[in-house]
1. Give me the angle, in degrees from 0 to 90, between the Cα long axis of helix 29-42 and the longest principal axis of the Cα atoms of the chain, rounded to the nearest 10.
2. Only bridges with both residues in the chain count here: give the DSSP antiparallel percent, nearest 5.
3. Select one label from (1) 1.61; (2) 1.18; (3) 1.08: the one whose number is Cα Rg over 2.2 N^0.38 Å as derived from the coordinates shown.
4. Which loop-located trypsin sites (Lys or Arg not before Pro) does the range 115-148 contain, where loop means any DSSP state but H, G, I, E or B and the Cβ has at most 12 other Cβ atoms within 10 Å?
5. For the pairs LYS164/LYS195; LYS26/LYS163; LYS110/LYS147; LYS105/LYS195; LYS132/LYS195; LYS10/LYS195, flag any whose C-alpha to C-alpha distance is greater than 24 Å.
6. Which FRET efficiency, nearest 0.05, do ASN179 and LYS51 yield, Cβ-Cβ r, R0 30 Å?
7. Among THR50, THR130, THR69, which one shows the highest mean-square fluctuation when the chain is modelled as a Gaussian network with alpha-carbon springs under 10 Å?
Amino acid sequence: MLKVNQYSAKGTALEPFTLPKDWEQKANAKLLAQAVRVYEESSHIGLAKTKTRGEINRTTKKWYKQKGTGGARHGARSAPIFVGGGKAHGPRAERRILLLPQKMKQNALKLALTVKSRNKEVVVAGGLDTFKKTSQAQSLLNKIDKKNKHFTLVLAKSNLGLKKVVNNLEQIKVTNFINLNAREVLFGGMIILDKAIFTQK
């Protein structure tokens, strides 16, 4: 069973918290790699494009005659070898949509949480709904791990209003547990789970 450190809203260390049994997954590097690739591909629109020699606004008249000049053979000045010419093998607008089945998404997320938990990079914090000031959140972060420069705060739906309290903290990213994915967990630094996640229906 996965056990992680637990803290109160004031940063007091409590008894270790046992994560749900179904969160513990066997190692599967291929699944994690696939999930990360899908999420990263979805994070950009992939519409970069350059013009080819047939698309630029330049004359297509032959530059000079084919023979007798002593120079190389050339056609239009729109060729890629000329300044201002088209791009020979530039990027083309392409929107690839990679999909991950729902069951694989869930398993990848649980696997990522398993990996981070075993590395002691997941903690549970309770009473977050009592925070009214940014300084309270900063104090909690300092007591969890003062040296860590990167945190991901995963909130229950009922506590999403806490975003306003922590928005001024540069080292923390806030996300809704419903929207959490494997990539955010793997690259999110220290993961702080809102205890209300495990009690909400």
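Nothing in this text is a laboratory measurement; each read-out follows from the coordinates by a stated rule. Keep in mind the model is a prediction, meaning the values are calculated, not measured. In this analysis, Cβ positions are derived from the backbone assuming ideal geometry, glycine residues included, and neighbour counts consider all displayed protein chains.
1. 60 degrees
2. 20 percent
3. Looking at Cα Rg over 2.2 N^0.38 Å for this model, the match is (1).
4. LYS120, LYS132, LYS133, LYS146, LYS147
5. On the way: LYS164/LYS195 19 Å; LYS26/LYS163 33 Å; LYS110/LYS147 26 Å; LYS105/LYS195 22 Å; LYS132/LYS195 18 Å; LYS10/LYS195 14 Å.
LYS26/LYS163; LYS110/LYS147, as the Cα separations exceed 24 Å there.
6. Approximately 0.20, to the nearest 0.05.
7. Answer for the Gaussian network model of the chain: THR69.
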